[in-house]
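Heads up, the thing below is written out as structure tokens.
Just so it is clear, none of the values below were taken in a lab; they were calculated from the coordinates. These figures come from a predicted structure and were not determined experimentally. Glycine also receives a Cβ, built like all others from the backbone with ideal geometry; neighbour counts cover every protein chain displayed.
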Amino acid sequence: MNIQKMYTAVDVHVNGEAFRVMKDVPCKYYYSLEQLNEQFSGELAEEMKLLLNEPRGFIGLNGCIVVPSIHNEVDAAVLFFNHEGSIPLHYGGIVAVITMLLESGYLKKRESNQYKIETLSGIFLVHAYVENDEVISVSFESKLCYLIEENLQVGNVSYSLIQADKVYAVVEKGAYSPEIRVENISELKRWGEATLQAIQKQSLIKRLILVDPSQKEKNHIKSITFHEDNFIVRSPGFVSTIVSYVHALFKNDYMADKPFKNESIFNSFITVEKVKKEELGYIFRFESRGFITGMQTFLLDPTDPFPAGFLLK
């Protein structure tokens with residue numbers, strides 16, 4: 001075997017989503033996180049893809065590259081990426097990174113429980129609570145999330161457009177959509193693909209959220225998120241949750257001063273609270289935790305017949 005390159009990663013699970021966190025990735029000098037991102041989006045893009053693709057990864061895996069920040073007051077900087085490439089922000093990734101840094105000893109526990117993480121979308125103040133060397137809770141505030149347009153129609157489907165990290169279409173479950181249950185997964189995928197394609201003919205979106213509001217009187221919904229490539233998100237989704245909350249607030253369906261619970265198709269939950277109303281929209285607070293599931297070393301052999309890996313969809 002000719003070992004060309006070697007990468008060490010820590011895998012972390014957060015609310016049903018998987019993250020591969022890498023800390024010691026070779027990179028050149030950088031004067032900003034944006035400039036470093038250009039390095040990884042260019043010359044290292046194929047190697048990053050290799051670490052997410054099969055046989056080393058799978059279609060739902062997210063990547064996090066942790067580097068020192070150029071700001072003295074910031075504890076770490078992180079770049080997020082997935083199979084589509086670099087992404088400016090992943091809330092679950094922040095939970096994964098702070099969990100890895102504290103539980104692996106890269107960051108020392110503080111009495112204040114406060115840490116700062118830099119992303120391409122800005123610096124986040126993160127509260128992380130550690131007991132017996134284990135991170136038991138992570139909380140922080142979201143970026144602004146707001147309604148673009150509501151009561152849009154395509155065929156027999158009514159939807160809203162909401163801006164978070166990107167634009168999402170939100171559809172409430174009706175007579176023409178399947179129940180959000182695991183046994184309906186094939187029917188849901190067909191419905192999601194057809195509905196997303198129909199909406200894309202009149203709105204520039206890549207994500208669709210189907211919301212079941214049948215327990216709205218308890219500030220509890222169930223949702224499922226569809227990607228453009230027909231991938232279904234396995235978790236409730238941090239962004240999907242606040243997007244669904246904004247949709248509900250503009251419909252006056254929920255009590256705005258109570259925690260809001262979003263349940264996934266696999267019965268996992270994310271709970272958020274509204275903390276601030278801005279002129280355009282809302283800012284929310286997440287509370288979650290991550291679980292380290294493995295520490296692995298990956299090798300890049302130049303004779304590998306699948307140098308970029310592959311994906312099973």
Worksheet item: Helix 238-251 versus the longest principal axis of the chain: what is the Cα-based angle in degrees, 0 to 90, to the nearest 10?
Response: 20
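Give the longest segment of the chain that steers clear of chymotrypsin sites (Phe, Trp or Tyr not before Pro) in DSSP loops with at most 15 neighbouring Cβ atoms within 10 Å, not counting the sites themselves. Mind showing how you got there, number by number?
Numbers: sites that count: 29, 31, 58, 106, 176, 266.
Formally, the longest exposed-site-free interval is 177-265.
For the range 189-292, state which trypsin sites (Lys or Arg not before Pro) are in a DSSP loop and have at most 11 other beta carbons lying within 10 Å of their beta carbon.
The qualifying sites are 201.
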Worksheet item: 222 nm [θ] for the chain, helices only, -39500 (n - 2.57) per DSSP H run of 4+, per residue, to 500?
Response: -6000 deg cm²/dmol
Worksheet item: Mean separation of Cα pairs under 8 Å and 6+ residues apart, divided by the residue count of the chain: what relative contact order is that in percent?
Response: 23
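Please label the shape of the range 126-205 as rounded, prolate or oblate, based on the square roots a ≥ b ≥ c of the eigenvalues of the alpha-carbon gyration tensor (a/c under 1.5 means rounded; beyond that, a/b larger than b/c means prolate, else oblate). Intermediate values should be presented prior to the final figure.
Values: a/c = 3.36, a/b = 1.70, b/c = 1.98.
Taking the square roots of the gyration eigenvalues as a ≥ b ≥ c, the range 126-205 is oblate.
Loop-only check: which GluC sites (Glu not before Pro) in the range 200-302 are DSSP coil with at most 10 other Cβ within 10 angstrom? Walk me through the intermediate numbers first.
Values: sites: 217, 228, 263, 273, 278, 279, 287; in loops: 228, 278, 279.
Within the range 200-302, the qualifying GluC sites (Glu not before Pro) (loop, at most 10 other Cβ atoms within 10 Å) are 278, 279.
Roughly how big is the chain's charge dipole about its Cα centre, with Cβ charges of +1 (Lys, Arg) and -1 (Asp, Glu), in debye to the nearest 20?
Details: 32 positive and 40 negative charges, 92 e Å.
With Lys and Arg at +1 and Asp and Glu at -1, about 440 debye.
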Item to complete: Compute the semi-axes of the equivalent ellipsoid of the range 65-132, taking the square root of 5 times each eigenvalue of the Cα gyration tensor, and list them largest first in whole Å.
Response: 21, 13, 10
Practice prompt. Indicate the gyration tensor shape class of the range 1-69 (rounded, prolate or oblate), computed on the Cα atoms with a ≥ b ≥ c the square roots of the eigenvalues: a/c under 1.5 is rounded; otherwise a/b larger than b/c is prolate and the rest oblate.
Written response: oblate
Worksheet item: So which residue, out of 74, 95, 170, gets the largest mean-square fluctuation from a GNM of the chain using Cα contacts under 10 Å as springs?
Response: 74
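How long is the gain from residue 280 to residue 108 if the chain were fully straight, where each residue apart is worth 0.36 nm and the alpha carbon distance is subtracted? Present the calculation step by step, with values, prior to reporting the outcome.
Working: separation 172, 0.36 × 172 = 61.92 nm, distance 3.80 nm.
Result for the pair: 58.1 nm of gain on full extension.
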Practice prompt. Take every Cα-Cα pair in the chain and report what % of them are more than 27 Å apart.
Written response: 45
Practice prompt. Go through 269, 177, 248 and say which Cα lies farthest out towards the positive end of the charge dipole of the range 146-280; charges sit on Cβ, +1 for Lys and Arg, -1 for Asp and Glu.
Written response: 269
Worksheet item: In vacuo Debye scattering of the range 194-308, one point per C-alpha: log10 I(q)/I(0) at q = 0.15, 0.22, 0.23 Å⁻¹?
Response: -0.77, -1.23, -1.29
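Find, among the trypsin sites (Lys or Arg not before Pro) in the range 1-92, those assigned to loop by DSSP (not H, G, I, E, B) with at most 13 other beta-carbon atoms within 10 angstrom. Each step should come with its number before you reach the end.
Numbers: sites: 5, 20, 23, 28, 49, 56; in loops: 23, 28, 56.
Hits after loop and neighbour filter: 28.
For the range 119-162, what class follows from the C-alpha gyration tensor (a ≥ b ≥ c being the square roots of its eigenvalues): rounded when a/c is under 1.5, otherwise prolate if a/b is larger than b/c, else oblate?
Values: a/c = 5.23, a/b = 2.64, b/c = 1.98.
In terms of gyration-tensor shape, prolate.
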Worksheet item: Between residue 296 and residue 151, what is the spin-label point distance in nm, taking each point 7 Å from the Cα along the Cα→C-beta axis?
Response: 5.0
Worksheet, complete the sentence: From the Cα centre of the range 7-21 to that of the range 232-311, the distance in Å is 14
Response to the item:
In terms of the charge dipole of the range 1-138, which places +1 on Lys and Arg and -1 on Asp and Glu at the beta carbon, the residue among 44, 64, 79 farthest towards the positive end is 44
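What length, rounded to one decimal in nm, is gained on full extension from residue 251 through to residue 158, with 0.36 nm per residue of separation minus their alpha-carbon distance?
On the way: separation 93, 0.36 × 93 = 33.48 nm, distance 1.31 nm.
Gain on stretching residue 251 to residue 158: 32.2 nm.
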